[in-house]
Amino acid sequence: MRAEAVVDLAALRGNIRALRDRAGSASVMSVVKADAYGHGMVPCARAALEAGATWLGTATPDEALALRAAGITPDQARVLCWLWTPDAPWEQVVAADIDITVSGEWALARVVAAVRATGRPARVQLKADTGLGRNGAQPHDWPGLVRAARAAEAEGLVSVTGLWSHFACADEPGHPSIQAQLTGFGEALAVAEAAGLRPEVRHMANSPATLLLPEAHFDLVRPGLAQYGLSPVPEVGSPADFGLRPVMTLQAWLAGVKSVPAGHGVSYGHSYVTPTATTLGLVPVGYADGVPRHASGTGPLWLGGKWRTIAGRVAMDQFVVDLGGDPAEVGDRVVLFGPGDHGEPTAEDWARACGTISYEIVTRIGPRVPRRYVGLGGADGGGG
Ligand SMILES: *Cc1c(COP(=O)(O)O)cnc(C)c1O
């Protein structure tokens, strides 16, 4: 075996339960976009549902359709999808009973056309831009969008099931934009309610808001990162501080061990040169597997009971570690990151080493790395 990502579904179920506790009376949407942040979309979605999530969230329509194709029925989970382009498979998503996020009247027109073509009404959720400046309708466009959606609803073409928005800075407690966005969302809800909309769910909270901002929970919370056991606010609290446990362990097995003299260059560009005669270990994963090239000379790993650092550049398929003369053999296990309780680095340690966020570390682990699922089944009580 070259490398694998071990995905602990018992940890994921425990994280969902911890998030349900935080959410109080609000329901939980498990955000499984981007292959469940690299953890594997369908197994993670099923585990989250076992532990009591009732909604699944995806960015793209293809992701949402893949959940339905895997056999996750509308009775098992509502699926909300939020990143639409004009050429999206509108008719398929209407037929698959997916809740469609609409941020502008152009998208509502596509939904209505798909409803007329399929003869099935659609569920839509209207998204307000309350300050993120990304997707969602601006306040000056919101009343028109609400009116158009209400008219389509009155005609029996769509049902407006939700109203929602997304935070820009929920991971910076006290940031003035948080209160401004909550106020803006309250105004957007009032406009929609005055126009006659009666949505099932109103929602704003991503992981940091689920953990830190009860006033943003409304009817539904949308955690992504936290359910994978990583802290969205590492300067505020570790995963354990929030009752979370990291789900992914990335490990590889040494593909080479050899002695080299002092002054030997290591990997492309010779950015590392051995200071003494030493032993080098070859770790058979690289940037094609999602190990950031920014980890060159800085990425941490756990090998032979010691914390070590990548020597020289990360290449496409492999990198090198200077073992400093410690005994090692081909086939020895190297842990790049894991929960951290056996001394190994965490995804957060990698994020810090690479100048990024743990979201990117786990999400980039590529398809060449097989996922192995452990903690299957609800022996821990599921959570229902
Ligand atoms: C990705 C995403 C989330 C989850 O964000 P986390 O910070 O990972 O919890 C929630 N809502 C939307 C709209 C998203 O795009």
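Can we say P234 is within 16 Å of the ligand (Cβ to nearest atom), in contact (Cβ under 8 Å) with a residue 40 or more places away in the chain and closer than 21 Å to A295 by Cα? Working first, answer last.
Values: within 16 Å of the ligand (Cβ to nearest atom): yes; in contact (Cβ under 8 Å) with a residue 40 or more places away in the chain: yes; closer than 21 Å to A295 by Cα: yes.
Judged against the criteria, P234 is a match.
Out of P74, P43, I need the residue that is in contact with an Asp or Glu (Cβ under 9 Å, 6 or more places away or on another chain) and more than 16 Å from the ligand (Cβ to nearest atom). Which one? Working first, answer last.
Details: P43 fails: in contact with an Asp or Glu (Cβ under 9 Å, 6 or more places away or on another chain).
Matching residue, one of P74, P43: P74.
For the range 307-322, does any single residue satisfy the condition of being modelled with pLDDT under 95, surrounded by fewer than 16 Cβ atoms within 10 Å (Cβ to Cβ) and closer than 26 Å to L244 by Cβ?
Pass one, the range 307-322, residues modelled with pLDDT under 95: none.
No, the range 307-322 has no match at all.
Please specify each residue of the range 327-368 satisfying the condition of being in a loop (DSSP other than H, G, I, E, B) and charged (D, E, K, R). Show your work before the answer.
In the first step, residues of the range 327-368 are kept if they are in a loop (DSSP other than H, G, I, E, B); the result is 327-332, 338-346, 355-357, 364-368.
Hits for the range 327-368 are E329, D332, D341, E344, R364, R368.
Using the structure shown, decide if L65 is under 22 Å from T118 (Cβ atoms) and within 16 Å of the ligand (Cβ to nearest atom). Steps first, answer last, please.
Values: under 22 Å from T118 (Cβ atoms): yes; within 16 Å of the ligand (Cβ to nearest atom): no.
No: the conditions fail for L65.
Among the residues of the range 254-271, count how many are surrounded by fewer than 16 Cβ atoms within 10 Å (Cβ to Cβ) and either within 24 Å of E348 (Cβ to Cβ) or small (G, A, S) (or both).
Count: 7.
Just the residues that are in a loop (DSSP other than H, G, I, E, B), buried (at least 19 other Cβ atoms within 10 Å of the Cβ) and either out of contact with any Gly (no Cβ under 7 Å at 6 or more places or on another chain) or polar (S, T, N, Q) (or both), please, taken from the range 219-232.
Selection gives P223, G224, G229, L230, S231, P232.
For A107, only one of the following conditions fails: (1) within 16 Å of the ligand (Cβ to nearest atom); (2) in contact with a strand residue (DSSP E or B) (Cβ under 7 Å, 6 or more places away or on another chain); (3) closer than 30 Å to I72 by Cα. What is its number?
Unmet for A107, out of (1) within 16 Å of the ligand (Cβ to nearest atom); (2) in contact with a strand residue (DSSP E or B) (Cβ under 7 Å, 6 or more places away or on another chain); (3) closer than 30 Å to I72 by Cα: (2).
Please enumerate the residues belonging to the range 1-53 that are buried (at least 24 other Cβ atoms within 10 Å of the Cβ), farther than 30 Å from Q318 by Cβ and of a type in the set (S, T, Y).
Within the range 1-53, just S30 meets the criteria.
If you scan the range 235-253, which residues turn out to be crowded, with 21+ Cβ neighbours inside 10 Å and outside any strand (DSSP E or B)?
P239, F242, L244, P246, V247
Tell me whether the range 83-99 contains one or more residues that are without any contact (Cβ under 8 Å) to a residue 24 or more places away in the chain and more than 16 Å from the ligand (Cβ to nearest atom). Give the derivation first.
Of the residues in the range 83-99, the ones without any contact (Cβ under 8 Å) to a residue 24 or more places away in the chain are 85, 87.
Now narrow it down to the ones that are more than 16 Å from the ligand (Cβ to nearest atom): 87.
Yes - at least one qualifying residue is present in the range 83-99.
Can you confirm whether the range 176-198 contains a residue that is outside any helix (DSSP H, G or I) and in contact with a Leu (Cβ under 6 Å, 6 or more places away or on another chain)? Even if it seems obvious, please write down each step before you answer.
Our first condition is that a residue be outside any helix (DSSP H, G or I); within the range 176-198, this holds for 195-198.
Within this subset, residues satisfying the condition of being in contact with a Leu (Cβ under 6 Å, 6 or more places away or on another chain) are none.
So far as the range 176-198 goes, no, none of its residues is outside any helix (DSSP H, G or I) and in contact with a Leu (Cβ under 6 Å, 6 or more places away or on another chain).
Limited to the range 202-228, what total is found for residues that are over 14 Å from F167 (Cα atoms) and near the ligand (Cβ under 7 Å from one of its atoms)?
2
If L225 satisfies every condition in (1) without any contact (Cβ under 8 Å) to a residue 60 or more places away in the chain; (2) closer than 24 Å to V32 by Cβ but one, which is the exception?
(1)
Would the range 127-142 turn up any residue that is within 14 Å of the ligand (Cβ to nearest atom), in a helix (DSSP H, G or I), under 23 Å from the mean Cα position of the chain (by Cα) and assigned by TED's automatic domain parsing to the domain that holds G104? Before you say what the answer is, go through the steps one by one.
The initial filter retains those residues of the range 127-142 that are within 14 Å of the ligand (Cβ to nearest atom), namely 127-136.
Subsequent filtering for residues that are in a helix (DSSP H, G or I) retains none.
No - not one qualifying residue is present in the range 127-142.
Here's a check for you: in the range 144-183, which residue that is surrounded by 15 or more Cβ atoms within 10 Å (Cβ to Cβ) and among the acidic types (D, E) is nearest to V79 (Cα to Cα)?
The selected residue is E153.
Restricting to the range 147-174, give me the number of residues that are under 21 Å from R222 (Cβ atoms) and either over 22 Å from the mean Cα position of the chain (by Cα) or assigned to a helix (DSSP H, G or I) (or both).
Here is the first cut: in the range 147-174, the ones under 21 Å from R222 (Cβ atoms) are 149, 159-173.
Next, from what is left, pick out any that are either over 22 Å from the mean Cα position of the chain (by Cα) or assigned to a helix (DSSP H, G or I) (or both): 149, 159-161.
The number of residues fulfilling the criteria is 4.
Mind checking whether some residue in the range 54-75 is of a type outside the set (F, W, Y) and in contact (Cβ under 8 Å) with a residue 60 or more places away in the chain? Walk me through it before giving the result.
Quick first cut of the range 54-75, residues of a type outside the set (F, W, Y) only: 54, 56-75.
Still in the running and in contact (Cβ under 8 Å) with a residue 60 or more places away in the chain: 57.
There is at least one residue in the range 54-75 that is of a type outside the set (F, W, Y) and in contact (Cβ under 8 Å) with a residue 60 or more places away in the chain.
The values are calculated or read from the model by the stated rules, or taken from the named source; none is laboratory data. Here the structure is a predicted model, which means the values were calculated and not measured. Virtual Cβ from ideal backbone geometry, glycine too; neighbours counted across all protein chains shown.
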